[in-house]
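Q: Encoded as structure tokens, here's the structure I'll be asking about.
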Amino acid sequence: MEYLYETKAGSYEDYASGRVLYNAPGVTSFPVRLGSEIVQRCFDFFEKRGNSGPYTLYDPCCGGAYLLTVTGFLHGPRIRRMYASDVDPNALSVAGKNLALLTKEGLRNRELQLRELYENYGKPSHKEALESLDRFKPAVSGLTLDESVVFQDNITEPHHLDQVDQPIQMVLTDLPYGDLVSWESGLTNPVSALFEHVYPLLSSKGAVVAMIADKSQKLGHARYKRLQHFKVGKRQVAIFEPNRDPEA
């Protein structure tokens, strides 16, 4: 693939999982450069239609909310609110703490934790984490994000998501695959179920669904039009918009 926005590979060590961002066994991270590229391609969809944001985001397979949190650090002024759900309560505990880093209070609490670790153990890694955290402060100080909404949910099951109280403009999700995470669903096609169940949540004024998966999963649904599709290493990325034709 060709990077259209993140054209130069940079250093993303500040975003390393477990450094400032919280981590736990079984909770995955995501390549920062690729995540930022995907998000900016979604922004471009809205801008070409006269919508400059800020936008509402939802990740229905959020895990530890690494992808959402990094998006907030890098593109926070363009985000109004984030919704994050997952079937795994352990992952959600990490997600809540990570999304809290996008607030002054949450970042301050993390700073106190890291400072205590450095004072007690004096490890270079703790000092480096504090330096990374300092670099996050300017971005967080200017954010006007609404409070993030984190809740437990299995998006492959039919239901009404009362927790999502605003129309969603962007779904951004890294689908379960690999050794660390997998679908907790008995369905033969959980991806199709995800497409179906996020559809009613999407803004009628314009929305996109960006999905990342391994190459074995089929990404597509009759109620959506595919806008982009590309492959990066072992991953595939597809961006869709909902088809608002009532007969679709």
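Q: Between S52 and A139, what FRET efficiency comes out of the Förster formula 1/(1 + (r/R0)^6) with R0 = 22 Å and r the beta carbon distance, rounded to 0.05?
A: The value I calculate is 0.70.
Q: May I ask you to list the aspartates and glutamates whose Cα is less than 20 Å away from that of K137, ignoring any residue fewer than eight positions away on the same chain?
A: E13, D14, E105, E111, E116, E128, D146, E147
Q: Please identify the DSSP H helices in the chain that span no less than 20 Å along the helix axis (Cα) and have a mean Kyte-Doolittle hydropathy of -0.5 or more.
A: 32-47
Q: Here's something else I'd like to know. If a paramagnetic tag sat 7 Å from the Cα of R80 along the Cα-Cβ line, which residues of the range 154-169 would have the backbone N under 13 Å from that point?
A: 165-169
Q: Moving to a separate point now. Just to be sure I understand: with springs between alpha-carbon atoms less than 10 Å apart, which residue in P124, P158, P89 has the highest mean-square fluctuation in the Gaussian network model of the chain?
A: Ranking P124, P158, P89 by mean-square fluctuation puts P124 first.
Q: Whole angstrom only: what separates the Cα centroid of the range 101-116 from the Cα centroid of the range 1-31?
A: The range 101-116 and the range 1-31 have Cα centres separated by 19 Å.
Q: Continuing with the same structure: Tell me which chymotrypsin sites (Phe, Trp or Tyr not before Pro) from the range 1-59 have a DSSP coil assignment and no more than 12 other beta carbons within 10 Å of their own.
A: Here no loop site has a sparse enough neighbourhood.
Q: Be a star and scan the range 36-78 for residues whose amide nitrogen sits under 19 Å from the point 7 Å along the Cα-to-Cβ vector of D214.
A: Inside the label zone: 61-64.
Q: May I pose another question? Apply the Karplus curve 6.51 cos²θ - 1.76 cosθ + 1.60, θ = phi - 60°, to the phi angles in the range 76-82 and return the couplings in whole Hz, x for Gly and Pro.
A: Values, residue by residue: x, x, 9, 10, 8, 8, 10 Hz.
Q: Here is a follow-up. Rounded, prolate or oblate: which one fits the range 103-142, using the alpha carbon gyration tensor with axes a ≥ b ≥ c (rounded when a/c is under 1.5, else prolate when a/b beats b/c, else oblate)?
A: oblate
Q: Relative contact order (percent) for the chain, with alpha-carbon contacts under 8 angstrom and 6 or more residues of separation?
A: 19
Q: Grab the DSSP H runs of the chain that are 4 residues or longer, score each as -39,500 (n - 2.57), total them, divide by all residues and round the 222 nm result to the nearest 500 deg cm²/dmol.
A: Roughly -11000 deg cm²/dmol at 222 nm, from the helical runs in the chain.
Q: Going down the list K104/K218; K123/K231; K48/K97; K123/K215; K8/K215, which pairs span over 31 Å between their C-alpha atoms?
A: K104/K218; K123/K231; K48/K97; K123/K215
Q: Remind me, what semi-axes does the chain give for its equivalent ellipsoid, largest first in whole Å, using sqrt of 5 times each Cα gyration tensor eigenvalue?
A: 30, 19, 18
Q: Report the residue, chosen from D174, D44, D153, that carries the largest GNM mean-square fluctuation when the chain is represented by alpha-carbon nodes joined by springs under 10 Å.
A: With Cα springs under 10 Å in the chain, the top fluctuation among D174, D44, D153 is at D44.
Q: Something else now. Near K205, which aspartates and glutamates are there with a Cα under 12 Å away, not counting those fewer than 8 places off in the same chain?
A: E241
Readers should treat all values here as calculations from the given coordinates under stated rules, not as data from a laboratory. The structure presented is a predicted model; accordingly, all values stated were derived computationally and were not measured. Don't worry about glycine lacking a Cβ; one is built from the backbone with ideal geometry, like all the others, and counts go over all protein chains shown.
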